[in-house]
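The values are calculated or read from the model by the stated rules, or taken from the named source; none is laboratory data. Just so you know, these numbers come straight off a predicted model, no measurement behind them. Backbone-built Cβ (ideal geometry, glycine too); neighbour counts: all protein chains shown.
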Amino acid sequence: MMSAKVYDGKGRFRGKIVSFRCSEEENALLDAAVKLSGLTKQDYIINKITNREVVVQPNSRVYKALKDTLAEVLAELKRIDSGGGVDGDLLEIIRLINITLDGAKGGE
């Protein structure tokens, strides 16, 4: 027995699989961005590659992701000696947190 096809919100059947390789650091950054967006990884990537804006819809999952990510950032900042050694990935995560919080409060 075959299962029914699942269509997206616009009635499209998503039958193609796309995969790619990335580094551990790139994967961690992608995972953080996806968690902070509240979207699925699939929807996040499709929005980014089609140059659509990623609109964060505040909900309990996004709040938890913000809380957990901020705790990770705080732990990393405590580990860093006198502000030296801050890497680009940490700065990018801080930028994503800022964008998420700005979107959650309605932007300015």
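Below is a table of values for the structure above.
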{"quantity": "Tally, over the range 34-93, of residues that are acidic (D, E) and under 17 Å from G9 (Cβ atoms)", "calculated": "2"}
{"quantity": "Pairs with Cβ under 9 Å, 6+ apart, first in the range 80-98 and at negative phi and part of a helix (DSSP H, G or I), second at pLDDT 85 or above and among the hydroxyl-bearing types (S, T, Y)", "calculated": "I93/T69; L96/S37; L96/T69; I97/T69"}
{"quantity": "The range 9-32 - residue that is of a type outside the set (D, E) and within 9 Å of the chain's Cα centre (by Cα) and, of those, surrounded by the fewest Cβ atoms within 10 Å (Cβ to Cβ)", "calculated": "L30"}
{"quantity": "Residue match in the range 10-30 (condition: free of Cβ contacts under 8 Å to residues at least 60 places away in the same chain, assigned to a helix (DSSP H, G or I), touching a Lys or Arg at 6+ places or on another chain (Cβ under 8 Å) and at negative phi)", "calculated": "yes"}
{"quantity": "Subset of the range 90-102 (residues that are closer than 14 Å to E25 by Cβ and under 13 Å from the mean Cα position of the chain (by Cα))", "calculated": "E92, I93"}
{"quantity": "Residue within the range 81-91 that is modelled with pLDDT of 85 or more and exposed (fewer than 11 other Cβ atoms within 10 Å of the Cβ) present", "calculated": "no"}
{"quantity": "Total residues in the range 46-75, condition within 15 Å of L96 (Cα to Cα), of a type in the set (V, I, T) and free of Cβ contacts under 8 Å to residues at least 24 places away in the same chain", "calculated": "1"}
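Here's the yes/no breakdown for (1) closer than 13 Å to I93 by Cα; (2) of a type in the set (S, T, N, Q); (3) surrounded by 11 or more Cβ atoms within 10 Å (Cβ to Cβ):
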residue	(1), (2), (3)
V34	yes, no, yes
I45	no, no, yes
E53	no, no, no
P58	no, no, yes
